[in-house]
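Inspection log for the structure reproduced underneath, given as structure tokens.
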Amino acid sequence: MAHILYLTYDGLTDNLGRSQIIPYINGLAQIGHFIWVISVDKADHYATRHTEVESQLHSSISWVSIRYTKRPPLLSTIYDLRRMQKAASQLVREKRIQTVHVRSYPPMSIALKLAQSHGVKVLFDMRGFYPEERIEGGIWNLRNPIHRAVYNRLKKKELNFIEKADHIISLTEKAKNILMDTFNVSGSKVTVIPCCADFEHFRLAQTKPPLQPLKVLYLGSLGTWYLIPTLVQFFQRTQEIYPDAQLHVITGDHPEQLYLEAGRLGVASSSIHCRSAEREEVPELIGACHLSVFFIKDSFSKSASSPTKLAEILASGRPVICNGEIGDLNRLSTQLTGLYTLHLSDIETIDLSKVIEQLMDLDPNAIRNSAKEILDLDVAIAAYTRVHAGLSDQNSSTSVQ
């Protein structure tokens, strides 16, 4: 089995790391791969969670954590990545690393240097179009000369990343088509693996909640990409049909904007219930609601987006309403029971009573079973296994030559 170095600028102690990195690398380790992970973790997260994370990692996984530095902007990122490069170079020399698996853009330059110096294969798990995400998400402003210079430099590097990677993981078919059409990438070089969920963790609730009051779930971040005014607008329409409906918001973010929008549209704050939750609590909280909604800002970078919450909610047997322009959501709505997509402009005109009634009539087992075929963690791990096997074969061929 392969010796894999996994590089991520996201921390294993972040919520994302615990839900979208650890389950995947554990799955690869269980198959027999040896994995070394270098992550960049926030000091407070590491202090409170590193023991828990270490206990969750498979015995074939070794973890090196680097402390995240926030300031000064941009220079701190360079500093973090230099420390990652030093640690990565040492591991490649000492552990006979065959493949460097890179999550997103920041560590990709490190992997390409290692490929040049040590002949390792590079798997670019790109996650999305990172330069556009920074601009469209309002993190960088092109009117700022420093941001503009960094963006232009990264766009040039992006071409090199895509060209020099031995294989690329895309979250969506839509993004794969962009890679093929815009970047002239061969389709055989790209594997699509959407964000999946651990179906052993996200289980069906034992019973459905009582029909009244209708409980609508919003799960996850309230910032940057998620359209909170649209969420409240949708809930307002829901209350026109179900006057005692409740909106249950599970988030680690401060809900100030949510309550401001509710006040602006005349939605009573008493009908909105916000709380944070640990990952272990989330399946039960999903099961306590009837359906879930989310609406995402449409942009070029979102063509590569695959919302993790979709898999988690469907795995729990609850239907989802969302806008379909994002990633492959419209296409998936034709394959997944319980996924209803709409255009944002249709919120005021759709027959919402009929939509909710039809979704509520669905069998939770049918929702879960259709999602399991596409969005189960085991499906993703099998796909990653095939990719790593192909890269190992390339390594073997190179060694023989």
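The values are calculated or read from the model by the stated rules, or taken from the named source; none is laboratory data. The structure presented is a predicted model; accordingly, all values stated were derived computationally and were not measured. Note that we place each Cβ from the backbone using ideal geometry, even for glycine, and neighbour counts take in every protein chain shown.
Answer yes or no as to whether Ser89 is over 16 Å from Gly11 (Cα atoms), out of contact with any strand residue (DSSP E or B) (no Cβ under 7 Å at 6 or more places or on another chain), at pLDDT 95 or above and small (Gly, Ala, Ser). For Ser89, the condition - over 16 Å from Gly11 (Cα atoms), out of contact with any strand residue (DSSP E or B) (no Cβ under 7 Å at 6 or more places or on another chain), at pLDDT 95 or above and small (Gly, Ala, Ser) - is met.
For residues in region 158-185 being under 20 Å from Lys121 (Cα atoms), of a type in the set (D, E, K, R) and in contact with a helix residue (DSSP H, G or I) (Cβ under 7 Å, 6 or more places away or on another chain), which is surrounded by the fewest Cβ atoms within 10 Å (Cβ to Cβ)? Across region 158-185, the extreme among qualifying residues is Lys164. If you take the residues of region 27-53 that are touching a helix residue (DSSP H, G or I) at 6+ places or on another chain (Cβ under 7 Å), part of a strand (DSSP E or B) and of a type outside the set (Val, Ile, Thr), which of them is farthest from Ser76 (Cα to Cα)? In this case the residue turns out to be Trp36. When the test is whether a residue is within 19 Å of the chain's Cα centre (by Cα), on the phi < 0 side of the Ramachandran plot and touching a residue at least 12 places away in the same chain (Cβ under 8 Å), Ser301 passes it. Among residues of region 276-296 that are farther than 13 Å from Glu312 by Cβ and part of a loop (DSSP other than H, G, I, E, B), those with a beta-carbon under 8 Å from a residue that is among the β-branched types (Val, Ile, Thr) and modelled with pLDDT of 95 or more at least six positions away or on a different chain give the pairs Ser276/Ile250; Ser276/Thr251; His290/Val216; Phe295/Thr230. Every listed requirement among (1) closer than 19 Å to Leu12 by Cα; (2) in contact with a helix residue (DSSP H, G or I) (Cβ under 6 Å, 6 or more places away or on another chain); (3) assigned to a helix (DSSP H, G or I) is met by Lys155 save one, (1).
When region 230-271 is filtered for residues that are surrounded by fewer than 19 Cβ atoms within 10 Å (Cβ to Cβ), outside any loop (DSSP other than H, G, I, E, B) and β-branched (Val, Ile, Thr), the ones remaining, listed by number, are Thr230, Ile241. For region 318-334, state whether one or more residues are surrounded by fewer than 23 Cβ atoms within 10 Å (Cβ to Cβ), more than 20 Å from the chain's Cα centre (by Cα) and without any contact (Cβ under 8 Å) to a residue 24 or more places away in the chain. Looking for residues that are surrounded by fewer than 23 Cβ atoms within 10 Å (Cβ to Cβ), more than 20 Å from the chain's Cα centre (by Cα) and without any contact (Cβ under 8 Å) to a residue 24 or more places away in the chain, one finds at least one in region 318-334, hence yes.
If only residues of region 54-71 that are in a strand (DSSP E or B) and of a type in the set (Ser, Thr, Tyr) are counted, the one that is surrounded by the most Cβ atoms within 10 Å (Cβ to Cβ) is Ser65. Taking the criterion of being among the small types (Gly, Ala, Ser) and within 23 Å of Tyr242 (Cα to Cα), the residues of region 291-342 that qualify are Ser292, Gly317, Gly338. Taking (1) part of a loop (DSSP other than H, G, I, E, B); (2) touching a helix residue (DSSP H, G or I) at 6+ places or on another chain (Cβ under 8 Å) in turn, Leu362 satisfies each apart from (2).
Could you tell me which of the residues Tyr340, Tyr384 is aromatic (Phe, Trp, Tyr) and outside the structural domain of Val293 (by TED's automatic domain parsing)? Show your work before the answer.
On the way: Tyr340 fails: outside the structural domain of Val293 (by TED's automatic domain parsing).
Result: Tyr384 is the single residue among Tyr340, Tyr384 that is aromatic (Phe, Trp, Tyr) and outside the structural domain of Val293 (by TED's automatic domain parsing).
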